[in-house]
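The values are calculated or read from the model by the stated rules, or taken from the named source; none is laboratory data. Remember, predicted model here, so these are calculated numbers, not experimental data. Quick reminder, even Gly has a Cβ in these numbers, built from the backbone with ideal geometry, and neighbours come from all protein chains shown.
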Amino acid sequence: MSAVNDTKFKSSVFLLTGIPGQEDVQNLWISLPFCLMYVISIVGNSVILFIIKTNPSLYEPMYIFLSMLATSDLGISLATMPTILGIYLFNSREISFDSCFAQLFFIHLFQCIESSVLLLMALDRFIAIRDPLRYASILTLPRIATMGLVCVLRGVAVMLPLTILLKQFQYCRDNVLSHSYCMHQEVMKMACSDITVNNIYGLFTKLLTMGLDSLLIFFSYIMILKAVLSIASNSECLRALNTCISHFCAVLIFYTPDIFLSVIHRFENSSSPLLQILLGYISLLLPPLLNPIVYSVKSKHLCARIIRVFVK
């Protein structure tokens with residue numbers, strides 16, 4: 001019995017899982033949409049970063065925040081791509097403990113950064129509508145750089161202890177994860193140690209980051225609506241609201257799947273595992289895929305420069 005336990009404790013890999021019930025068609029059909037989504041996400045966000053970098057006329061707060069959003073989307077795509085494509089293209093299911101902990105750290109880190117950036121973009125829209133004459137003097141480049149640095153430091157400060165705590169646990173169970181990537185909540189359940197502290201701290205970090213950010217974004221839109229309603233001209237009112245559509249879509253794309261996923265995790269016994277897996281993919285793959293498309297379509301300046309690059 002002790003020999004079996006020793007063998008389990010010496011296990012140094014987690015086993016990842018694809019979509020259940022679709023093992024026979026994974027390599028042929030499921031890998032194609034995943035590859036296409038990653039190509040569109042990486043190319044789309046890279047093009048946005050290139051356009052903003054090479055056009056000094058776009059060195060405005062709104063586009064600088066957009067470049068931060070594109071960077072975090074790129075980070076999420078690159079963090080999930082090796083294991084997801086590894087499973088569906090090469091049937092590579094094993095991932096070492098260290099690689100798994102690194103992956104979950106970067107996934108949660110970039111999600112936290114993206115949540116912070118969406119909050120900053122809401123603040124940007126509020127200032128642009130409420131006080132347009134002082135917009136450039138309030139959101140100066142040094143202040144924006146400081147805000148971006150704070151977003152990164154907050155993400156690292158919140159997620160690094162979470163990962164270190166996970167690494168201290170003993171893992172002696174089957175170590176079979178139900179997703180194609182490593183996430184904190186699931187890896188934590190594989191531990192044989194007492195996970196009470198990690199469970200409480202994980203909930204606390206979720207509320208402190210994405211929970212608080214979504215609440216502040218909600219209040220910022222209330223303030224934006226109040227500012228817009230105070231505008232006398234209907235055309236200017238609609239023009240001001242139109243500048244918020246892209247950000248509002250990005251907020252919905254980012255937070256809606258995560259909210260549904262959190263609700264499903266609370267009722268895990270009565271929910272379908274396939275639904276959890278699909279929502280997990282949507283929450284990680286949809287924002288990097290759609291954000292460049294939404295902003296390219298809605299921003300005339302950005303769209304014109306993208307077209308000019310490809311026409312050349």
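Checking the stated criteria, residue 250 turns out not to satisfy the condition of being farther than 30 Å from residue 92 by Cα and in contact with a Lys or Arg (Cβ under 7 Å, 6 or more places away or on another chain).
If the condition is being without any contact (Cβ under 8 Å) to a residue 12 or more places away in the chain and out of contact with any Leu (no Cβ under 9 Å at 6 or more places or on another chain), then the stretch 175-205 contributes 189, 194, 196, 199, 200, 203, 204. Among the residues of the stretch 80-97, those that are in contact (Cβ under 8 Å) with a residue 60 or more places away in the chain and farther than 12 Å from residue 34 by Cα comprise 91, 93, 94, 95, 96, 97. Among the residues of the stretch 27-61, those that are surrounded by 12 or more Cβ atoms within 10 Å (Cβ to Cβ) and of a type in the set (Ser, Thr, Tyr) comprise 31, 38, 41, 46, 59. Is the stretch 11-34 home to any residue that is in contact with a Leu (Cβ under 7 Å, 6 or more places away or on another chain), modelled with pLDDT of 85 or more and closer than 10 Å to residue 88 by Cβ? Yes - at least one qualifying residue is present in the stretch 11-34.
Among the residues of the stretch 75-100, the ones that are surrounded by fewer than 17 Cβ atoms within 10 Å (Cβ to Cβ) and aromatic (Phe, Trp, Tyr) come to 1 in all. Here residue 219 passes the criteria (1) closer than 21 Å to residue 107 by Cα; (2) without any contact (Cβ under 8 Å) to a residue 12 or more places away in the chain except the one numbered (1).
Summed over the stretch 53-69, the residues that are without any contact (Cβ under 8 Å) to a residue 24 or more places away in the chain and in contact with a helix residue (DSSP H, G or I) (Cβ under 6 Å, 6 or more places away or on another chain) give a count of 1.
In the set 3, 79, only one residue is at pLDDT below 85, of a type in the set (A, V, I, L, M) and not in a loop (DSSP other than H, G, I, E, B); that residue is 3.
When each of 172, 192 is tested for being more than 23 Å from residue 83 (Cβ to Cβ), more than 17 Å from the chain's Cα centre (by Cα), at pLDDT below 90 and surrounded by 12 or more Cβ atoms within 10 Å (Cβ to Cβ), the lone residue that passes is 192. For the stretch 200-234, filtered to residues that are touching a helix residue (DSSP H, G or I) at 6+ places or on another chain (Cβ under 7 Å) and among the polar types (S, T, N, Q), the residue that is farthest from residue 129 (Cα to Cα) is 205.
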